[in-house]
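Working notes for the structure below.
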Amino acid sequence: MEQIGHWIDGKHVAGASGRFADVMNPATGEVQAQVALASKAELDAAVASAARAQLAWGATNPQRRARVMMALVGLLNRDMDKLAEAISREHGKTFPDAKGDVQRGLEVIEFCIGAPHLLKGEFTDSAGPGIDMYSMRQPLGVVAGITPFNFPAMIPLWKMGPALAAGNAMILKPSERDPSCPMMLAALCKEAGLPDGILQVINGDKEAVDAILDNETVQAVGFVGSTPIAQYIYSRATANGKRSQCFGGAKNHMIIMPDADLDQAADALVGAGYGAAGERCMAISVAVPVGEETADRLIEKLVPRIEALKVGPYTAGNDIDFGPVVTAAAKANILRLVESGVAQGAKLVVDGRDFKLQGYENGYFVGAHLFDHVTPDMDIYRTEIFGPVLSTVRAASYEEAIGLALDHEYGNGTAIFTRDGDTARDFANRINIGMVGINVPIPVPLAYHTFGGWKKSGFGDLNQHGPDAFRFYTRTKTVTARWPSGIKEGAAFNFKAMD
Ligand code: NAD
């Protein structure tokens, strides 16, 4: 059985704690590897080594660090298929979707090539007589990224790119469900020229996470995962004096106005609701058609599209629409919530409960489900299901529809489908949600903008990637300098190289 350890000081290191977790193949339900779960002592040793390495890395000029990012982009493109295969094998998502996972992470590394520009400080000439004032952005030192199972390439890359380009060392604690891709990313960083010790991948569970949160050398913690863990990590990290940004779960609403192109809206809902088996924090899980007629027509268009979805293992080819969910526990939880929806009176219009895939009876496949007549008091409306289940809540008016999204405790993403610019503009202005799509179902911002939810979907005040990431992973130092007389050097005729 393959054993996955840690990546410490530029090489694979076997786990020393004696504790392991099974890495499953979600399509078959078989154990395909074991991943080591780090002890506090292993974590602390990796942090100490990272702190020693960071001193030289932080002092390296930003353009040289950016060149590592540039080389990494080339290597990610070179190994795209290998990385995607590792993701599909452990996560279960389709191969094209796994490539998208790598691609959206790679784009943040491309953005990080611009680190020298992003790290430039501010300067005031002659702030007083003979006085200049300048501020610089300096790395924090050792920082940590704790990431979820559902994007094992993209989210680790979102964390490590800005942190490393800004001159920090990073402890990455990826999900124990799909650890292979993050380990491959670390090896690619080394090949790209990253010095040993600057990126340490420590596999583990709560013990490793708590060790990160309590380690005095770790200066900042970036987390992505479920809301209860995000809240826990945010409060413990900040209580220990660390900078922290923690992104949590979601319940993303899509409002469909009577004037929307309903074929376009139905296609968008099917892709955004069922893609990656609904295991995306930006998945649409609630459809809110405005008006009974809109709702009836929308359901009519959705049902055949949903019934035609192809569910299967990634090995069955690229025309599969979605694969299994990640664990047996996730499957059981989804089916339990579906039962609660039926029991609480929602109408199950597409029933995937009996879905079976011949030859994969032990896999964690869940058929597509569509609910109609869902109401805000139901568990399927209040809870993040994180599976292929779309709930329809019928609203009588635009105000009722926007009110639902405004009142929901989550605030990650949302979308409105309409042909009316005034309605779209009002929605974008009033909604208390971090990412908004107008006729776009999954409005994930590109690398040079920032990504982050509001309300219970995000804790901390800066977003991921874009300029915010460079603010999060640096701190500002401001210098006031007075030079009563200048320093005069002799003439220099050559451009000086910056070392
Ligand atoms: P999770 O919260 O179970 O795990 C995330 C990380 O926390 C993992 O590394 C895990 O090992 C660690 N962890 C788990 N339990 C812990 C505990 N008790 N103490 C300390 N650490 C613990 O989340 P997941 O199931 O891997 O990912 C799915 C969730 O992530 C969903 O809720 C989804 O919406 C969310 N998500 C959010 C975003 C976003 O940007 N807002 C993006 C992707 C996923």
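The values are calculated or read from the model by the stated rules, or taken from the named source; none is laboratory data. Everything numeric here is computed off the predicted structure, so don't read it as measured data. Using ideal geometry, Cβ is built from the backbone for each residue, glycine included, and neighbour counts are taken over all protein chains shown. The accessibility values were calculated without ligands, DNA or RNA, using every heavy atom of the protein model including side chains. Shrake-Rupley method; radii C 1.70, N 1.55, O 1.52, S 1.80 Å.
Distance cut-off 27 Å, Cα to Cα: go down the list K99/K190; K120/K206; K159/K477; K456/K477; K120/K456 and report the pairs above it. Too far apart for the 27 Å limit: K120/K206; K456/K477; K120/K456.
Post the alpha-carbon centroid distance, the stretch 226-271 to the stretch 352-394, in whole angstrom. First find each Cα centre; the distance between them is then 18 Å. The trypsin sites (Lys or Arg not before Pro) of the stretch 378-431 meeting both criteria, a DSSP state outside H, G, I, E and B (loop) and at most 14 other C-beta atoms within 10 angstrom of the site's C-beta, are R419. Computed over the Cα atoms of the stretch 394-444, pair by distinct pair, the Kirkwood hydrodynamic radius stands at 11.1 angstrom.
Every Cα-Cα pair in the chain was counted, and those over 41 Å apart are 24% of them.
Rounded to the nearest whole Hz, the Karplus-based 3J(HN,Hα) values (6.51 cos²θ - 1.76 cosθ + 1.60, θ = phi - 60°) of the stretch 352-363 follow the sequence x, 5, 9, 4, 9, 10, 4, x, 10, 4, 8, x, with x at glycine and proline.
Axis of helix 421-430 versus longest Cα principal axis of the chain: the two differ by about 60°, to the nearest ten degrees.
Look at the dipole of the chain built from charges on Cβ: of G130, A71, N240, the Cα furthest out on the positive end belongs to G130. Only protein atoms count toward the accessible area here, which uses a 1.4 Å probe; on the chain, the carbon and sulfur part of that area reaches 52 percent.
Once the chain from S397 to Q264 is taken as fully extended at 0.36 nm per residue, the excess over their C-alpha distance is 45.8 nm.
In the chain, the longest principal axis of the Cα atoms and the axis of helix 398-407 are about 50 degrees apart. Against the main long axis of the alpha-carbon atoms of the chain, helix 292-307 sits at an angle near 80°. Convex hull volume of the Cα atoms of the stretch 5-78, normalised per residue: 124 Å³. May I ask for the distance between the Cα centers of the stretch 1-68 and the stretch 309-324, given as a whole number of Å? For the stretch 1-68 versus the stretch 309-324, the Cα centre distance is 31 Å. Within the chain, which is the longest segment containing none of the chymotrypsin sites (Phe, Trp or Tyr not before Pro) that sit in a DSSP loop and have at most 15 other Cβ atoms within 10 Å? Value returned for the longest uninterrupted segment is 1-354.
The alpha-carbon positions of the stretch 252-438 define a convex hull whose volume is 108 Å³ per residue. Calculated FRET efficiency, N439 to N494, Cβ-Cβ distance, R0 = 45 Å: about 0.20 to the nearest 0.05.
Rolling a 1.4 angstrom probe over the protein heavy atoms with all chains in place gives the chain an accessible area of 41 Å² per residue.
The mean sequence distance of close C-alpha pairs (under 8 Å, at least 6 residues apart), as a share of the length of the stretch 252-438, puts its relative contact order at 29 percent. Residues K120, K477, K251 ordered from highest to lowest accessible area at a 1.4 Å probe: K120, K477, K251.
If exposed GluC sites (Glu not before Pro) are those in a DSSP loop with at most 13 other Cβ within 10 Å, what is the longest stretch of the chain that has none? By the stated rule (loop sites, at most 13 other Cβ atoms within 10 Å), 1-215.
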